[in-house]
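**Q** Sending over a structure as structure tokens; questions will come in a sec.
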Amino acid sequence: MNFTEGEILYFDKPLTWTSFNLVARVRWLLCKKLGVKKLKVGHAGTLDPLATGVMIICTGRATKRIEELQAHIKEYVATLQLGSTTPSFDLEKPIDATYPTDHITQKGVLEVLKTFIGQIEQVPPSFSACKVEGKRAYHLARKGKEVELKPKVLVIDEIELLDFNPDTMQMTIRVVCSKGTYIRALARDIGQKLGSGAHLIALRRTKINDVRAEDCMKIEDFPQWLDQQEIEDLKTAEDGQR
């Protein structure tokens, strides 16, 4: 392995960790192992703190491939709570409104899901990393400021209903989609079309291109994995980053 020339690593991001938390931990462990003060490390595709699953991390010169890797098709499994909304469209913020759900049936859910397949326009969540006048939208939203984001064109290749519980009004879906898709925003839009509101209560990125979550490394296993690798750049990593 040569982490300066560049390696691409696949992790299963833990719940409550930010994408930056995972990158910072990987960088720290690599620098410690290599005996260097700094090393380029970046990720290809942000996951929210309340999401888990596939996270691609690039080191050294492989960070130049981040944009290419971000463009790959992604698969998610998401659980939605129908009948209520939150400002963040997930569990980060408390419920701000509730709606009747007596009219919702599994047949109706299936009909609504079909309308999201193909090329669609989606307004990103206010609590997102999109930039507004040079500032991250979530920084503004968390300060209570109004955030207006423009719709983005994206593609949803597949939506499959995995489960629908009419008693709890929770539904689980599998989504295959393009870069830039916000599953939280999709939950919001599904809820609006069902006339009930909705928010995300669980999200897992199960696949990026051909990389599946079950093939990814847990961060707690990374030090032991590193010890088992034949590393070429123990002496050259620091020079390569200057």
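Values in this text are rule-based calculations from the coordinates and carry no lab data. This one's a predicted model, so the numbers in the text were calculated from it and none came from an experiment. Note that each Cβ is placed from the backbone with ideal geometry, even for glycine, and that neighbours are counted across all protein chains shown.
**Q** Once you've got the GNM for the chain with C-alpha springs shorter than 10 Å, pick whichever of GLY108, GLY195, GLY60 has the biggest mean-square fluctuation.
**A** GLY108
**Q** For the chain, set up a GNM with springs between Cα atoms under 10 Å and report which of ILE66, ILE183, ILE120 has the largest fluctuation.
**A** It is ILE120.
**Q** Name the long-range amide H neighbours of PHE3: under 5 Å, sequence gap of 5 or more, or other chain; modelled H, no Pro or chain starts.
**A** Here the answer is GLU232, ASP233, since their amide H atoms fall under 5 Å of that of PHE3.
**Q** Quick check: net charge around ASP96, other residues with Cβ under 14 Å of its Cβ, Lys/Arg +1 and Asp/Glu -1?
**A** Around ASP96, the surrounding residues sum to 0.
**Q** Taking R0 as 35 Å, what's the FRET efficiency between LYS218 and ASP167 from their Cβ-Cβ distance, rounded to 0.05?
**A** The computed FRET efficiency comes out at 0.55.
**Q** Same structure, new question: PHE222: net charge of surrounding residues, Cβ under 14 Å, Lys/Arg +1, Asp/Glu -1, itself excluded?
**A** Summing Lys and Arg as +1 and Asp and Glu as -1 gives +1.
**Q** Taking only complete DSSP H runs, can you tell me which helices of the chain stretch 20 Å or more along their own long axis by Cα positions and average at least 0.0 on the Kyte-Doolittle scale?
**A** For the chain, where a helix must reach 20 Å along its axis and average at least 0.0, the hits are 19-34.
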